[in-house]
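The structure appears right after this line, and notes come after that.
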Amino acid sequence: MTLNTLLLEQKCPKILVLGAGISGKACATWLSTFDCDIDLVDSRKIELKKNLPSNITFFPSCIFAKINLRKYHAVVVSPGLSPHEKSVNNFFIINKLASEHRIPIWTEVDLFFSALEISANKTALKSKIIAVTGTNGKTTVVCMVKDLLKNLGYDVQLAGNIGTSLLDALMERMQRGKFPAFWILELSSFQLFLSSDFKSDVSVILNFSSDHLDWHSSEEEYLNSKLKIFGFPHLSGTPIINADDVDLSMRVEQHISSLISEKKIPKPVYFGLTNNKKKLDVLIEKHDNEEWFCAYDEKSKILPIMKVSDTRPLGKQNKINLLACFSICSIMIENIFEMKGISNFFKLPGHRLEEVFFNNKLRFLNDSKATNISATIFALQNLSDPLFLILGGDLKNQRLAPLTNVLKNRNIVAYVYGKDKNQFREYFKECNITHFTIENVREAVILIKKHLSKKNETSYEEINILLSPACSSKDLYKDYAERGNEYHEAVLSCFAECGHG
């Protein structure tokens, strides 16, 4: 039975929604608009602030293993819950029983596409869907795409792993009676892993490195979840491929060739900075002795879009992010010449290499959104030494070796805190990396001020003080934003308000 058949034809189906976070509540609320009986359950002892519709019953402090699954027609699972028994937050037993009793498991992604299909049957407008995933840079790229398309006059809607859930955004649009020209979806591997259907007009995996091994059973499973963004079982839309990430581009090409295509397979669009083995469609080239972001049109005519010098100093990674943005928009808009000459259309999202304070030679940067090791390495590659690095939290079973390999040959002092600080300490001690253990981000800033007072700053042009945790924030903070805000407040309190030196 399909999801739409269950919702539109089954008489009062009983549906179990696992997890009462943002996504779970949105799923339950959307389902409540149909003739359904919904049980919303959560293992945590929490209270919901808003009153629920009458056909939703909420059960906090629920032991998933004691749920009588046979009374449900379907299960909807929140993305934070892993199907694997090893994970702290899992629905392993529910997943096993659902498989045995042939009870379908759906996700918010499935409900979102179901809702779009139902809505499309009622309205003439069909919105285009842009789907973005990757280990790092997702939020930056979707914000760039949003800003560029809005600058060109299009109505766009961000949703997904960026704060507004897919279904909350959809229900808000339905209330307004106005669907966007473009849905821009930021999607995590958690959201894609259990989804049974996916369709988009353009999709991209920005990059890939090991992460979330506390949730996924293996790195291969993590990558396969990401690959679902290109559609399954049918290829949907135009694939965009980062040619600089050679291993990833090969896997994407293999995956695309394995998918069923109902139409002519769309030609992938390649972007990159350095890869010369493939013909790049979006790249940086010199025109009139200046570097430009450029794109080729369908007739292989090159279009200079924006001068590289017209952007603020971005670093290598955000140049790649901009190339991804221009790749997406070159497909989505009818005439790519609309983009010509555009400049400074975007603002980088907060907590991503965000400058908090600069005083003479001291530059304080907030990169709290770096929740994995590869993101921290990206940040370090864009900054000079000497550097004070604040990091720590929940490592999520990541390997520390790639980070220590970067740190051990540089003039960097590390300050580690949080759940896995002892792992950092052991690795750093073994690699002779200067480090200090502290309790939290605020304490790190206070200690750095003390250490700076003893350092001879005159011998350096600039000293960088960077919060780039390489870890999840959930052990000490509500989220990465709360962690970043604590850093911001501590820096201003210790350095801006009272001055330095």
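The values are calculated or read from the model by the stated rules, or taken from the named source; none is laboratory data. The model shown is predicted, which means the values in this text are computed figures rather than measured ones. Don't worry about glycine lacking a Cβ; one is built from the backbone with ideal geometry, like all the others, and counts go over all protein chains shown.
Enumerate the pairs (first residue in region 1-12 and not assigned by TED's automatic domain parsing to the domain that holds F113; second residue anywhere and surrounded by 14 or more Cβ atoms within 10 Å (Cβ to Cβ) and hydroxyl-bearing (S, T, Y)) with beta-carbon separation below 9 Å, excluding pairs fewer than 6 apart on the same chain, so at least 6 apart or on different chains.
Qualifying pairs under 9 Å: T2/S114; L3/S114; L3/S196; N4/S114; L7/S114.
When residues of region 66-123 are filtered for being loosely packed, with under 15 Cβ neighbours inside 10 Å, β-branched (V, I, T) and without any contact (Cβ under 8 Å) to a residue 60 or more places away in the chain, how many remain?
Count: 1.
Quick check on my filter: what residues within region 1-36 are farther than 19 Å from F64 by Cβ, among the charged types (D, E, K, R) and in contact with a Lys or Arg (Cβ under 8 Å, 6 or more places away or on another chain)?
Selection gives D35 alone.
Evaluate the following for A20: is it in a loop (DSSP other than H, G, I, E, B), on the phi < 0 side of the Ramachandran plot and either surrounded by fewer than 16 Cβ atoms within 10 Å (Cβ to Cβ) or not charged (D, E, K, R) (or both)?
Yes: the conditions hold for A20.
So, restricting to strands (runs of 3 or more DSSP E) that lie completely within region 149-259, which ones have at least 1 residues that are among the small types (G, A, S), in contact with a strand residue (DSSP E or B) (Cβ under 9 Å, 6 or more places away or on another chain) and under 30 Å from A470 (Cα atoms)?
Those strands (runs of 3 or more DSSP E) span 156-160, 202-205.
Is there a residue in region 43-58 that is touching a Ser or Thr at 6+ places or on another chain (Cβ under 6 Å), closer than 22 Å to D475 by Cα and not assigned by TED's automatic domain parsing to the domain that holds K396?
yes
Here is a list: L283, L273. Which entry is in the same structural domain as I184 (by TED's automatic domain parsing), modelled with pLDDT of 85 or more and not in a loop (DSSP other than H, G, I, E, B)?
L283
State all residues of region 203-228 that are buried (at least 23 other Cβ atoms within 10 Å of the Cβ), modelled with pLDDT of 85 or more and more than 13 Å from the chain's Cα centre (by Cα); if no residue qualifies, say none.
Within region 203-228, S203, L227, K228 meet the criteria.
Filtering region 234-248 down to residues that are among the hydrophobic types (A, V, I, L, M, F, W, C) and closer than 19 Å to N321 by Cβ, which residue is surrounded by the fewest Cβ atoms within 10 Å (Cβ to Cβ)?
Result: V246.
Only one of these is surrounded by fewer than 16 Cβ atoms within 10 Å (Cβ to Cβ), out of contact with any Lys or Arg (no Cβ under 6 Å at 6 or more places or on another chain), outside the structural domain of H216 (by TED's automatic domain parsing) and not hydroxyl-bearing (S, T, Y): N405, N440. Name it.
None of the other options fit; the residue is N405.
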